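The values are calculated or read from the model by the stated rules, or taken from the named source; none is laboratory data. Remember, it's a predicted structure, so these values are computed and weren't measured experimentally. Positions of Cβ are generated from backbone atoms using ideal geometry, with glycine treated the same way; all protein chains shown enter the neighbour counts.
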Ligand code: 2HG
Ligand code: ZN
């Protein structure tokens with residue numbers, strides 16, 4: 001029996017594709033957090049900007065909340081629909097709209113997966129440099145809506161740097177071309193950057209024009225074994241001084257053991273407490289610099305072993321050790337922290353956080369890894385099989401409050417790249433001031449006066 005809302009939506013936009021089967025509600029109503037029970041009204045699959053606008057107009061009139069939806073690979077609950085919302089999936093809006101060789105831009109619909117964007121850039125002899133493990137499923141619109149970071153931020157920056165323009169349907173149904181792909185534009189506020197990291201709370205990103213760059217040089221991947229946590233930032237400084245790094249990622253042996261248990265190949269005969277995966281150009285000069293940096297770190301006792309890729313296949317194997325972590329932990333339904341501090345604050349922050357988590361989580365397995373070259377740490381707490389999810393989350397939330405205080409003291413952020421969504425909402429005010437949050441609310445009131453856009457996400 002259709003609800004009155006669904007009947008009115010069908011009347012308003014008869015051609016709109018809608019899914020209402022329980023399996024679809026379940027599939028589209030959740031993201032990778034797996035904490036909330038999906039309960040959307042229905043799933044709308046618009047095929048045009050006009051249909052998206054019509055949905056927003058209908059939602060305002062009917063008073064129904066909308067949850068914009070890309071690949072739902074998010075880790076903060078930003079795409080969760082658990083309260084009768086209409087999910088607006090951009091999955092059918094996945095086409096390429098244009099390539100401009102002079103501007104070096106690619107324009108695509110928001111539902112295109114990140115990996116397809118990367119492939120299209122390559123087919124045109126250029127490169128879209130934002131990259132992360134969920135590339136095959138994450139949509140470009142979702143990556144913009146969270147300002148996704150990933151494994152090459154140390155070299156290329158976050159998604160924000162690569163968004164030349166965004167076509168956006170605001171919560172009031174206005175269609176706006178933000179940014180217009182201009183290199184220079186000092187004509188007032190840059191509203192494009194409001195769409196970036198907005199997590200669907202202001203409107204729906206329907207198209208994006210992305211900046212492309214030169215293809216990266218052929219690269220080498222090096223895996224370093226470290227004897228101590230304290231060595232990490234010193235090794236980073238040594239390598240960064242000598243080389244233009246494409247990536248500098250870190251993982252603990254605890255993380256590595258999970259990836260190995262998932263079928264990856266052990267890189268060293270012995271185990272070491274910490275590892276770094278770094279990538280740099282494979283020309284002779286860079287290789288020589290890398291070797292010198294490695295020897296210098298060995299002499300200083302900062303590094304205890306290392307291996308450098310001899311082929312693309314070996315490079316991929318080494319990358320798997322880092323990129324396979326999230327998947328290898330998924331069965332433990334981890335509680336995830338995604339925190340950032342300035343690189344200069346990292347040594348002090350690491351020491352304090354290690355002491356805090358050692359004290360507060362003696363009973364849980366804690367897995368550390370992340371984009372250490374960007375000052376971004378992922379800390380996954382694994383749920384013991386015997387423990388109920390609610391009790392586990394409650395305990396982790398208690399500790400996250402303490403961690404947020406440490407972040408506050410070091411001028412950090414409670415979310416580096418995953419967004420605030422539902423998971424980090426209670427801690428937003430630890431790392432953003434009251435004046436900042438009230439400004440955000442004011443911006444939302446202007447762009448989404450009916451309060452229909454992803455309500456309850458980021459802030460209440
Ligand atoms: C990564 O860096 C992703 O691999 C996921 O941001 C991090 O699972 C996580 O906590
Ligand atoms: Zn990450």
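Structural remarks
- Strands (runs of 3 or more DSSP E) enclosed by segment 159-272 - at least 3 residues per element that are within 30 Å of residue 287 (Cβ to Cβ) and under 23 Å from the mean Cα position of the chain (by Cα): 247-252
- Helices (runs of 4 or more DSSP H) enclosed by segment 276-379 - at least 1 residues per element that are more than 16 Å from ligand 1 (Cβ to nearest atom): 284-299, 312-323, 346-360
- Taking the criterion of being over 17 Å from residue 209 (Cβ atoms), buried (at least 22 other Cβ atoms within 10 Å of the Cβ) and away from ligand 1 (no atom under 12 Å from the Cβ), the only residue of segment 141-157 that qualifies is 154.
- For segment 19-54, residues that are in contact (Cβ under 8 Å) with a residue 12 or more places away in the chain and over 28 Å from the mean Cα position of the chain (by Cα) total 2.
- Residues that are touching a strand residue (DSSP E or B) at 6+ places or on another chain (Cβ under 8 Å), assigned to a loop (DSSP other than H, G, I, E, B) and away from ligand 2 (no atom under 16 Å from the Cβ) within segment 101-139 comprise 103, 104, 110, 111, 112, 124, 126, 128, listed in sequence order.
- Answer residue from segment 416-435, given it is without any contact (Cβ under 8 Å) to a residue 60 or more places away in the chain and part of a loop (DSSP other than H, G, I, E, B) and is farthest from ligand 2 (Cβ to nearest atom) among those: 433
- Residue match in segment 385-397 (condition: part of a loop (DSSP other than H, G, I, E, B), away from ligand 2 (no atom under 15 Å from the Cβ) and under 22 Å from the mean Cα position of the chain (by Cα)): no
- Segment 333-353, subset surrounded by fewer than 15 Cβ atoms within 10 Å (Cβ to Cβ) and within 21 Å of residue 246 (Cα to Cα), residue nearest to ligand 2 (Cβ to nearest atom): 342
- Segment 140-152, subset part of a loop (DSSP other than H, G, I, E, B) and touching a helix residue (DSSP H, G or I) at 6+ places or on another chain (Cβ under 7 Å), residue nearest to ligand 2 (Cβ to nearest atom): 149
- Selection of segment 354-378 for residues being buried (at least 22 other Cβ atoms within 10 Å of the Cβ), more than 18 Å from residue 324 (Cβ to Cβ) and in contact with a helix residue (DSSP H, G or I) (Cβ under 6 Å, 6 or more places away or on another chain) yields 373, 374, 375.
- Per the listing 122, 115, the residue uniquely surrounded by fewer than 19 Cβ atoms within 10 Å (Cβ to Cβ), at pLDDT 95 or above and more than 16 Å from ligand 1 (Cβ to nearest atom) is 122.
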